[in-house]
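So the structure is just underneath, and the comments pick up after that.
The values are calculated or read from the model by the stated rules, or taken from the named source; none is laboratory data. From a predicted model like this one, the values you see are computed outputs, not experimental measurements. Ideal geometry is used to build each Cβ from the backbone, glycine not excepted, and the neighbour counts take in all protein chains shown.
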Amino acid sequence: MQVFEPATEQMLAELPRAGVDEADEAVARAKAAFPAWKAVTPGDRAKLLRRLARALEERVEELAQLEARNVGKPISDARGEVGSVVDVFDYYAGAPERLLGAQIPVAGGVDVTFREPLGVVGLITPWNFPLPIASWKVGPALAAGNTIVLKPAELTPLTAIELGKLALEAGIPEGVLNVVNGPGRTVGERIVEHPDVAKVAFTGSTEIGRRVGELASQSIKRVTLELGGKSANVVFADADLEQAAELAPLAVFGNAGQDCCARSRILVERSAVDRFLEALERAVKALQVGDPLDDATQMGPLISADHREKVASYVDEDAVAFRGSAPDGPGFWFPPTVLAPASNDDRAAREEIFGPVVAVIPFEDEAEAIRIANDTVYGLSGSIWTRDGARALRVARALETGNLSVNSNSSVRVTTPFGGFKQSGVGRELGPFALEHYTELKNVFISTH
Ligand code: NAD
Ligand code: MN
């Protein structure tokens, strides 16, 4: 299997391509490793996770370079992402010794609930944040005592393979974390259908997520899905407009718009639209688009030629208000593009583009802002900009979305839950609640008669 560098269109690596047989072998190894891994004491499991965090920490720069070259993302972003992966393993290293059950008052005896690991879990990840998203699943899965088959995306498998090697280096036993590099149609589907896989945690498109859910239902597998988004950045006229506009570009053009949390609809109160667009234009034109390996770069290329074609299909030239820059020559470049004024009925405002294209949609009042923001099948993230604290809370409670920021575009923190409402998914990752998705509750009643 060949892996490319989207900024140069050159081949970056050639790897073995797994098929259904290798998927089966990985599941068999994970199954064989499960009893011993489940029996590792909570304290020792915590130590191993900490050692994995340290092993990753020593390799931050190397992993960041690999990710930046393979995904085409700015190196400064990649460094931050790999740093956050270290934090994920440190955080979940705290979990094995804190997986609390319950003791519930009952008649005639003592009742105890335990949190048991599920067994073999299948983890399937997308190409846009390869190592972070793998860590959001691997961290809690290992902490809870499961063994793993991880299938990274075909386009960007390199850092997941390194994660597997580092787990071995850290002393995590062979067979506990298996990485299988292969196509979704064959290896992915086999993992989802395999009778020895207890749970699938999938991150990717809503379309494939639906297929994963269908296949998994055959064996009543546990399923968590982190899917697409079409999030709104809601800007009220009383907000710090300069700041909202200055920060808006990276909230949608970060990772070249290939971000499930991209605020790809900016809803602006009508009386502020002109002032907001002026400030937004300055910010978009100032965005540094270019070589991912340059420290100053803020946006790189798209992942592939096919994807660039798909993104371009959403842009109607007549609807473009302004654009940022993009280099010529090799590389799958696409300039940051602002469509304004747009309507929420436009195709570009309804479908997840997954590229650097944003629709700016005017609204009249708070009620209309909420109606437009919620008028989507998705519900992953979003932002609210206002100086009115009561309004911020009112709107936050009214929006049908899993992750909101007020006067900020931040989406993901290691310690807080992340996931979607509606067709953006099922379940949560990160923070304490993720552990519920990697454990099964067992209740035991002990008679005292
Ligand atoms: P994708 O759905 O095309 O692929 C995701 C993964 O699923 C890949 O590893 C792929 O090989 C595998 N796959 C493909 N077909 C499969 C099948 N039939 N059975 C099992 N596995 C299969 O997604 P992508 O193009 O890699 O990533 C982009 C999408 O991911 C966007 O829609 C984006 O919003 C979403 N995403 C969501 C989150 C989130 O946390 N909600 C985060 C990142 C990306
Ligand atoms: Mn895809």
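At-a-glance table
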{"quantity": "ALA78 vs. criteria closer than 26 Å to ILE303 by Cβ, in the same structural domain as TRP136 (by TED's automatic domain parsing) and not acidic (Asp, Glu)", "calculated": "yes"}
{"quantity": "Test: residue in the stretch 407-426 that is polar (S, T, N, Q), touching a Pro at 6+ places or on another chain (Cβ under 8 Å) and buried (at least 19 other Cβ atoms within 10 Å of the Cβ)", "calculated": "no"}
{"quantity": "Residues of the stretch 156-212 satisfying the condition of being more than 10 Å from ligand 1 (Cβ to nearest atom) and part of a strand (DSSP E or B)", "calculated": "LEU177, ASN178, VAL179, LYS199, ALA201"}
{"quantity": "Options PHE322, PHE363: the member that is farther than 23 Å from ASN128 by Cβ, in contact (Cβ under 8 Å) with a residue 60 or more places away in the chain and either in contact with a strand residue (DSSP E or B) (Cβ under 7 Å, 6 or more places away or on another chain) or not assigned by TED's automatic domain parsing to the domain that holds GLY257 (or both)", "calculated": "PHE363"}
{"quantity": "Qualifying positions in the stretch 197-242 - of a type in the set (Ser, Thr, Tyr), more than 16 Å from ligand 2 (Cβ to nearest atom) and touching a residue at least 24 places away in the same chain (Cβ under 8 Å)", "calculated": "SER219, THR224, SER231"}
{"quantity": "Subset of the stretch 95-127 (residues that are surrounded by fewer than 18 Cβ atoms within 10 Å (Cβ to Cβ) and over 15 Å from LEU441 (Cβ atoms))", "calculated": "GLU97, ARG98, PRO105, VAL106, ALA107, GLY108, GLY109, VAL110"}
{"quantity": "Residue match in the stretch 216-231 (condition: more than 12 Å from ligand 1 (Cβ to nearest atom), of a type in the set (Gly, Ala, Ser) and surrounded by 22 or more Cβ atoms within 10 Å (Cβ to Cβ))", "calculated": "no"}
{"quantity": "Flag if PRO16 is assigned by TED's automatic domain parsing to the domain that holds ALA160, touching a residue at least 24 places away in the same chain (Cβ under 8 Å), of a type outside the set (Asp, Glu) and closer than 16 Å to PRO157 by Cα", "calculated": "yes"}
{"quantity": "Residue in the stretch 174-196 that is more than 16 Å from ligand 2 (Cβ to nearest atom), among the acidic types (Asp, Glu), in contact (Cβ under 8 Å) with a residue 60 or more places away in the chain and not assigned by TED's automatic domain parsing to the domain that holds THR401 present", "calculated": "yes"}
{"quantity": "Conditions (1) loosely packed, with under 15 Cβ neighbours inside 10 Å; (2) on the phi > 0 side of the Ramachandran plot; number of the one not met by GLU207", "calculated": "(2)"}
